[in-house]
Amino acid sequence: MRFRNGLMALAALAAFVGTTFVASAQQTLTLYQGAQINGRMRTTLDSGSAHVGDRFVMDVVPPYPSGDPSFQGAIVSGEVTSVQRAGQGTKPQLGLQFDYLRLADGSTVNISATMTQDQRQQQQANGGHVALTTLGGMILGNVIGKTIFHTGGGGVVGAAGGLLYGVNKKTNFQLPAGSNVQITLNQTVTIRRQSH
């Protein structure tokens, strides 16, 4: 009898430990629609030399979403989806799609995001100048309109979650390696993390 009670207690303890282990081994991290991720470009994107299909990576940098240090060492990867080079009567444009976010521990989630702030360098004969462009107001207004008020309306957010952007002057531009960018999530995502 005493042996059976001991066995049952051991089984209960094993079940508890197993449940606790599973709960702690897998954690989730949620980023809500509209969350902003700050990044630094690893590669240079140039409207004069980029090609559709070119891959690019940005390192996630502080301030992190919600101040969460879990994003330290994370990257965002994306792809060039369209290119329009500067020419006579043609403004340069790049279409960008952000594909996934990967944390330092290897946990990865697909994302749909739009660039809402970037640091571009205009290529001009008299030397380049750096312009900080903010598109956040229009995009945020569009997101709020659709989410809260369920209204339609135009916007720069494409079906692939990319951003088609250019400059007013008809000269090519660069988004240089090391430049700061900010993207805004178009939808809520949950990252399932495996602890090691």
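Are any of the residues in the range 109-125 in a loop (DSSP other than H, G, I, E, B) and modelled with pLDDT of 80 or more? Yes: the range 109-125 contains one or more residues that are in a loop (DSSP other than H, G, I, E, B) and modelled with pLDDT of 80 or more. Scanning the range 77-96 for residues that are part of a strand (DSSP E or B) and in contact with a Ser or Thr (Cβ under 6 Å, 6 or more places away or on another chain) yields 94, 95. Can you confirm whether residue 71 is free of Cβ contacts under 8 Å to residues at least 40 places away in the same chain, of a type in the set (Phe, Trp, Tyr) and surrounded by 15 or more Cβ atoms within 10 Å (Cβ to Cβ)? Against the criterion (free of Cβ contacts under 8 Å to residues at least 40 places away in the same chain, of a type in the set (Phe, Trp, Tyr) and surrounded by 15 or more Cβ atoms within 10 Å (Cβ to Cβ)), residue 71 qualifies. Filtered by the rule that a residue be polar (S, T, N, Q) and either at pLDDT 95 or above or closer than 20 Å to residue 119 by Cβ (or both), the range 37-80 gives 38, 43, 44, 47, 49, 72, 77. For the range 51-76, the set of residues classified as more than 14 Å from the chain's Cα centre (by Cα) and part of a helix (DSSP H, G or I) consists of 66, 67, 69, 70, listed by residue number.
The values are calculated or read from the model by the stated rules, or taken from the named source; none is laboratory data. A quick note: this is a predicted structure, and the numbers were derived from the prediction, not measured. So basically every Cβ, Gly included, is an ideal-geometry build from the backbone, and we count neighbours across all protein chains shown.
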